[in-house]
Amino acid sequence: DPSSKFKTKTVNDNLSPTWNEDWRISCEETASLKFSVWDEDFGKSDDFLGEVTLDSASIFPNGFAGEVLLLNSGQGTEAMLSLKIDVRMPQPEEEEIDAFEEEAASSISDGGFITAPRMTA
């Protein structure tokens, strides 16, 4: 999705840059994340350094932390990318919680059963 593309700030004159940038995105639990790494040189075209795609099984439900090998980084080159991905599931809306609690209290006092509302990511 083109609206989910992000670009880090440029780190000048550093062979081991650290970005420490945070982005928040919303995605389905079946989504994969693709990372492309480029070297920006003033006055020249950018150099492609490699890419990696993390599939949903690597990300959900607990996130990801570690180094990944960048693919297509050039013959004889091994480039790594260190990532930390936190997964936060959306919380139910306050109105949903209030309505559920009211239904639960009423149903329990009548000896009935309740069904919890389905929470979607």
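Please treat every number below as a calculation from the coordinates, not as lab data. Remember, predicted model here, so these are calculated numbers, not experimental data. Ideal geometry is used to build each Cβ from the backbone, glycine not excepted, and the neighbour counts take in all protein chains shown.
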Next on the checklist: Just to confirm a number: summing +1 for Lys and Arg and -1 for Asp and Glu over residues other than Leu81 whose beta-carbon lies under 12 angstrom from that of Leu81, what do you get?
Outcome noted: -1
Checklist entry - How much length is gained on full extension from Ile25 to Glu78, taking 0.36 nm per residue of separation minus their Cα-Cα distance? => result 16.2 nm
Checklist outcome for this item: In nanometres, the difference between 0.36 nm per residue of separation and the alpha-carbon distance of Leu54 and Val37 is 4.7 nm
Checklist entry - Summing +1 for each Lys or Arg and -1 for each Asp or Glu, what net charge is found among the other residues whose Cβ lies under 15 Å from the Cβ of Asp39? => result -3
Next on the checklist: Given N residues in the range 1-91, what is its alpha carbon radius of gyration divided by 2.2 N^0.38 Å?
Outcome noted: 1.18
